[in-house]
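Worksheet for the structure shown next.
Taken together, the values in this text are just the output of simple stated rules run on the coordinates, not laboratory data. Bear in mind the structure is a predicted one, so any value in this text is a computation, not a measurement. Virtual Cβ from ideal backbone geometry, glycine too; neighbours counted across all protein chains shown.
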Amino acid sequence: MNEGDVVITPLPQTDGKIKNRPAIVLREMPPYSDVLVCGISTQLHQIALGFDELIQRDDDDFASSGIIRDSVIRLGYLSVLPRKNIIGSIGAISPERYKRLLHRLSAYLIKNAK
């Protein structure tokens, strides 16, 4: 499993239930090699414009992602998980998209730091 991989993992839902969901591995976290992931949703209406990112069928990396429907990569839907919780990898996003997501998330965190 690598950063930028699309994985299937149990993620908490807003109703408190845990469901297996697709997510993108953003970064390995110290000291135990847990992984920071952001969830992916097919609920396109949930997009936070200017923050989240759509991945659509006509995108260059859609087929390699393993995602089967147009989806929202939700940068606000973050979890840190032990590697053992990752069920498996279904694909990967492009290095360009991966870097864009990291830059967008870090810029948001820095911009709004007090």
For this session: For every helix of n ≥ 4 consecutive DSSP H residues, a contribution of -39,500 (n - 2.57) applies; sum these over the chain, divide by its total residues, and give [θ] at 222 nm rounded to the nearest 500 deg cm²/dmol.
Result: -5500 deg cm²/dmol
Seminar exercise, completed: Note, residue 46: beta-carbon cut-off 11 Å, +1 each Lys/Arg, -1 each Asp/Glu, net 0
Problem set entry | [x] 14.3; [y] 16.0; [z] 17.1, with the label sought being that of the calculated Kirkwood radius over Cα pairs in Å | [x]
For this session: Determine the gain in length on full extension of the stretch residue 99-residue 32; use 0.36 nm per residue of separation and subtract their C-alpha separation, reporting nm with one decimal.
Result: 21.8 nm
For this session: Give, rounded to the nearest 20 debye, the magnitude of the charge dipole that the chain has about its Cα centre when Lys and Arg contribute +1 at Cβ and Asp and Glu contribute -1 at Cβ.
Result: 420 debye
Seminar exercise, completed: Once residue 85 and residue 20 are pulled to full extension, the length gained, defined as 0.36 nm per residue separation minus their Cα-Cα distance, is 22.4 nm
Exercise. Where in the stretch 7-31 does the amide nitrogen come within less than 12 Å of the point 7 Å from the Cα of residue 43, taken along Cα to Cβ?
Worked result: 13-17
